[in-house]
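Enquirer: Before I ask anything, here is the structure I am working with.
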Amino acid sequence: MLNQQAPTRARHWVVVFAVTLAVLSYIDRVAISKATPYIMSDLGLTKTQMGRVFSAFALSYALAEIPSGWMGDKLGPRNVLMRIVIWWSVFTASVTMMWNGLSLAINQFLFGAGEAGCFPNLTKTFTTWLPSNERVRAQGIMWMSARWGGAFTPILCALIFTILPWRAAFLIFACLGVIWAVFFFRWFRDDPKDHPSVNAAELALLSENRGLAGSHGDVPWRKLLSNRSVWLLWIQYFLITYPWYFYITWLSTYIREYYGVKDEMLSARYAICPLLLGGIGCILSGLMLPRIAKLLGSTTKARRVLASSGFLGASAFLLICIQQKDPLYGMLAMGMASFCNDLVMPCAWGSCMDIGGKYAGTLSGSMNMMGNMAGFVAPQVGGIILDATRTTATPQGDYNMFIYTMAAAYFLGAFCWPFIDPTKPLEQSEAH
């Protein structure tokens with residue numbers, strides 16, 4: 001009988017696939033940050049030009065978010081994820097063949113178009129494969145893994161750079177993406193009921209998700225665009241992503257130039273702090289939210305309190321970072337800013353699942369689009385500030401001026417969350 005049958009745990013493999021892909025996506029995008037000094041030297045790029053290269057990735061990433069999220073809702077994440085991972089792996093490998101700033105910017109634009117589909121489609125898989133009480137925790141685990149993948153990429157790259165040319169790192173990372181795509185496509189199914197490893201008891205656990213796995217291309221755009229919570233989710237994600245892009249673009253150059261750390265391995269160890277502590281913030285947030293909700297008697301209040309506190313804490317720690325002259329204390333302060341930044345992440349992505357329902361792929365894609373529009377702006381603003389503020393005393397430019405703009409973005413983000421209703425569905429899914 002059903003009540004005597006233990007549920008299988010096939011859904012946990014979905015989390016494993018999500019975690020490994022999140023790690024690979026961050027390895028691929030952080031690698032170029034660590035290789036920046038070599039790339040600038042080999043291709044003869046200024047900081048303004050390199051800022052445009054970083055921004056090219058973010059622009060295409062932003063523009064492709066809604067289409068790739070919609071494709072996941074319409075076609076299912078199995079086909080979409082397999083194709084986009086192979087796509088971005090090709091352009092990870094082709095970084096090695098670029099010859100000037102324009103070619104590299106085009107490469108990164110095409111690379112970003114592929115990576116854009118990653119997290120909206122993984123969010124879609126969580127919405128269909130996990131019961132509601134497991135989703136936010138899974139988001140926390142996934143984002144922690146993504147951050148930690150990015151955190152250790154500088155050390156991984158530094159090790160590779162000591163024995164191989166910098167271009168070799170990109171070829172290795174591209175191969176890993178192709179391997180993931182093959183295994184995922186063979187194992188995954190868009191609907192849990194179609195998977196041979198899922199028994200009746202596990203399907204019963206997922207009964208609330210019936211109807212979420214089918215084709216849902218008829219997105220209610222009018223409701224989405226007229227929803228206050230949706231707009232505020234977009235705004236807060238723009239504001240949280242603007243400073244965060246520093247951690248995956250200019251960070252290695254900042255440690256090298258601002259603190260004068262020339263040793264590759266030492267620089268890489270300092271660069272671990274923001275994404276490592278950010279990952280801890282992700283998982284801690286995912287674990288804390290149910291307890292805070294129980295304490296406050298409301299999931300809505302819990303997300304509002306934790307997300308607002310994260311924004312304010314991140315702003316404060318960046319101001320502390322500016323005052324530090326020792327790289328250890330400076331990176332610890334910036335790491336704590338990233339920790340507070342990532343307290344917000346499960347709140348935001350969990351809200352996309354709850355508000356979006358069967359349109360979670362499209363809504364999360366639209367939120368990530370707005371965030372990566374900030375990613376388009378931030379590296380260029382940084383490059384322009386650094387080139388414009390170069391003096392004899394500060395030939396590298398004024399990094400603190402850039403960091404002040406980041407602290408201001410965090411501060412403003414705190415004022416979005418009190419007005420977001422993070423658990424009210426955009427449209428109720430009908431049982432089929």
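What follows is calculated from the coordinates using simple rules that are stated; it is not laboratory data. Note that the structure is predicted; figures quoted are calculated from it, not measured. As a convention, Cβ positions derive from the backbone with ideal geometry for all residues, glycine included, and neighbour counts pool all protein chains shown.
Enquirer: Once the Cα gyration tensor of the chain is found, what semi-axes does its equivalent ellipsoid get, as square roots of 5 times the eigenvalues, in whole Å, sorted largest first?
Expert: Equivalent ellipsoid semi-axes, largest first: 36, 24, 19 Å.
Enquirer: Could you calculate the contour length gain from T392 to T162, that is, 0.36 nm times the residue separation minus the distance between their Cα atoms, to one decimal place in nm?
Expert: Taking 0.36 nm per residue and subtracting the Cα distance, the gain is 79.6 nm.
Enquirer: Enter the Cα centre distance for the pair segment 272-313 and segment 374-393, rounded to the nearest angstrom.
Expert: Here the two parts' Cα centres lie 31 Å apart.
Enquirer: Also, I was wondering about something else. Using label points projected 7 Å from each Cα along Cα→Cβ, tell me how many nm separate K294 and D194, to one decimal.
Expert: 3.8 nm
Enquirer: Read phi for every residue in segment 159-164 and hand back ³J(HN,Hα) as whole Hz from Karplus 6.51 cos²θ - 1.76 cosθ + 1.60, θ = phi - 60°, with x for Gly and Pro.
Expert: 5, 5, 5, 6, 10, 9
Enquirer: Provide the per-residue ³J(HN,Hα) series for segment 273-281, in order, calculated from phi with Karplus coefficients 6.51, -1.76, 1.60 and θ = phi - 60°, each as a whole number of Hz, with x at glycine and proline positions.
Expert: Once rounded to whole Hz, the list reads 3, x, 6, 5, 5, x, x, 4, x.
Enquirer: Calculate one ³J(HN,Hα) per residue across segment 90-103 by plugging θ = phi - 60° into the Karplus curve 6.51 cos²θ - 1.76 cosθ + 1.60, and present them in order as whole Hz with x for glycine and proline.
Expert: Taking θ as phi minus 60°, the curve returns 4, 7, 5, 5, 6, 3, 5, 9, 6, 10, 7, x, 5, 5 Hz for segment 90-103.
Enquirer: Using the Cα atoms of segment 194-269, I'd like the radius of gyration and the largest Cα-Cα distance, Dmax, both in angstrom.
Expert: Rg, Dmax (Cα atoms, Å): 23.0, 60.
Enquirer: Sticking with this structure for a sec: Need the full-extension length gain, A408 to D421, defined as separation in residues times 0.36 nm minus the C-alpha distance. One decimal, nm.
Expert: Extra length from A408 to D421 when fully extended: 2.3 nm.
Enquirer: Divide the volume of the convex hull of the Cα atoms of segment 48-87 by its number of residues and quote the answer in cubic angstrom per residue.
Expert: 52 Å³
Enquirer: Relative contact order of the chain, please, whole-number percent, based on alpha carbon pairs below 8 angstrom and at least 6 residues apart.
Expert: Once divided by the residue count of the chain, the mean separation gives 27 percent.
Enquirer: Return the calculated 222 nm mean residue ellipticity for the chain, to the nearest 500 deg cm²/dmol, obtained by summing -39500 (n - 2.57) across DSSP H runs with n ≥ 4 and dividing by the residue count.
Expert: -26000 deg cm²/dmol, from helical runs alone.
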